[in-house]
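Right, one structure below, let's go through it.
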Amino acid sequence: YFGYSYGTYLGAVYAKLFPQRVRRLVLDSIVNPEGVWYENNIRQDYAFNDRHRAFLAWVARHDAAYGLGTDPAVVEAKWKAMRAALAMNPAEKK
């Protein structure tokens, strides 16, 4: 079984209920099974936002490599523009 995020909870419960049916188990980015789901989701949203902001700052510090600007706000604006352009003209399926 391979589970990530919410799938880690499902995999852990399944393994607990049916250990004889689980030969291998990989859980990535586990969720806290004891937390309240709404509160866990809010904390996860904040964590995603924090990581996104940290990534933008990192890209801005490495402008020589990426050429997206030295200000995280500029990097984010260019990232949003790239996403919008891709949405208007997505890659074709083959």
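The values are calculated or read from the model by the stated rules, or taken from the named source; none is laboratory data. Keep in mind it's a predicted model, so treat the numbers as computed, not measured. Heads up, the Cβs are rebuilt from the backbone with ideal geometry, glycines too, and the neighbour counts pull from every protein chain shown.
Please list, ordered by first then second residue, the pairs with beta carbon atoms under 6 Å, 6 or more apart or interchain, first in region 82-93 and within 22 Å of G67 (Cβ to Cβ), second assigned to a helix (DSSP H, G or I) and of a type in the set (A, V, I, L, M, F, W, C).
The qualifying pairs do not exist here.
For region 78-94, what are the residues that are surrounded by fewer than 13 Cβ atoms within 10 Å (Cβ to Cβ) and assigned to a helix (DSSP H, G or I)?
Across region 78-94, the qualifying residues are K80, A81, M82, R83, A84, A85, L86, A87, M88.
Consider region 62-81. How many of its residues are farther than 16 Å from H52 by Cα and either of a type in the set (D, E) or at pLDDT below 95 (or both)?
Number of matching residues: 1.
Within region 11-31, identify whether any single residue is part of a loop (DSSP other than H, G, I, E, B), more than 19 Å from the chain's Cα centre (by Cα) and among the charged types (D, E, K, R), and answer yes or no.
The answer is yes, given that some residue of region 11-31 is part of a loop (DSSP other than H, G, I, E, B), more than 19 Å from the chain's Cα centre (by Cα) and among the charged types (D, E, K, R).
Could you list, ordered by first residue, the pairs with Cβ atoms under 7 Å in which the first is in region 46-69 and assigned by TED's automatic domain parsing to the domain that holds M82 and the second is among the polar types (S, T, N, Q), at least 6 apart or interchain?
Taking only residues 6 or more apart or on different chains, the pairs are A60/T70; D63/T70.
I'm trying to understand the selection: among the residues of region 28-49, which are aliphatic (A, V, I, L, M) and surrounded by 12 or more Cβ atoms within 10 Å (Cβ to Cβ)?
Result: I30, V31.
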